[in-house]
Structure formats: structure tokens, C-alpha cells
Amino acid sequence: MKTLNDLFEHQLKDLYSAEIQLLEVLPEIVENANNKELKQAFEEHLKETKAQKDRIENVLKELGITPRIETCQAMQGLLKEAKNFIEVAEDEELMDVGLIAEVQRVQHYEISGYGTAVRFAKELGYRHIAKTLQETLNEEYDADNTLEKLAENRLNKKVIGGNS
Ligand SMILES: [Fe+2]
């Protein structure tokens, strides 16, 4: 790896692998969510993730890069933790709270990855690609905010209800 272009290519392949892996696990996350709004939020993000996978595939094609799979090991680790959590959670509410935590970790990872990719694209003069990647970045931020709100709502209810 010698140039920023090489690094950009590596980052894109990494993000592509991350989306593909997430697509495999999100249905399981949707299935295990109990709260209706939370389930909807995960379903929504599953749809978005499908589009994001296609989007990054198109970016790779546009750059003439074969979207050969290089496994993103960070996403693999995050998803392994999420799957392990699903196996051990025995309470419905605990499941929801834990799923929010697991998916927010994933979102933060993706936000960081796409943030970098947008910067590199701009620096390399790929304005159109930067715009495309920015769309995904915005969706990742929105998904994270939605989960944050659901987590906060739950906390507020607890405080008002006086439960521990
Ligand atoms: Fe994504």
C-alpha cells in the first residue's frame, strides 16, 4: 500500500465487507427485539443496510475495483459479540437494552469508517463518490440517534415510574 488511493480502496472494501456481514446478522437482531418501536427501527436499518451495500458496490464498480471480499475483522468481532449476547439474554427487556448497546457499537464503527471514506474521497477529488458515501454516513448517524432516543425514553420511563 503506497498511496492514499490504495488506502481509500482498502477502506471501501472493508466497509463493503462490514455491510455484507451486518446484513446477515440484522434479521436475527430484528427477530429478537421485543419492543415494537425498537423492532421497527432495526427493520428500517435492515432495509437501509441493503441499499448501503448496493451503494458501496456501485462505488467500487465506478472506481474499477473488483468487490472481492476482504473480511472486515472488526465487524466480525462486533457481530460475534452481538450473537453471543442474544444467546445469553434471558429477559425481554434486558434483550432490548442489550441489542441497542450492541447495534450502537456497530453504528459508531460504521460512522467512523464512512467519515474517513468521505474525507478520503474529497481529498482524492471524487466529488460524486464523496456525496454518495455521505448519504450512507447520514443514515448511519440517523440510525444511531434513533437507538439513542429509544434508550433514553426507556430511561425516562424508569425514572418517572420509579422502577430500578
Ligand atoms: Fe451500514
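The values are calculated or read from the model by the stated rules, or taken from the named source; none is laboratory data. Predicted, not measured: the structure shown is a model, and the values here were computed from it. Please note: Cβ atoms are built from the backbone with ideal geometry, for glycine as well, and neighbour counts cover all protein chains shown. Protein only, heavy atoms only, side chains kept; ligands, DNA and RNA dropped before computing areas. Shrake-Rupley method; radii C 1.70, N 1.55, O 1.52, S 1.80 Å.
Restricted to helices (runs of 4 or more DSSP H) entirely inside region 18-130, those with at least 2 residues that are touching a residue at least 60 places away in the same chain (Cβ under 8 Å), surrounded by fewer than 20 Cβ atoms within 10 Å (Cβ to Cβ) and within 15 Å of the ligand (Cβ to nearest atom) are 36-62, 92-123. Taken over region 131-149, the residue count meeting the criterion of being in contact (Cβ under 8 Å) with a residue 24 or more places away in the chain and open to solvent by 30 Å² or more (accessible area, probe 1.4 Å) is 5.
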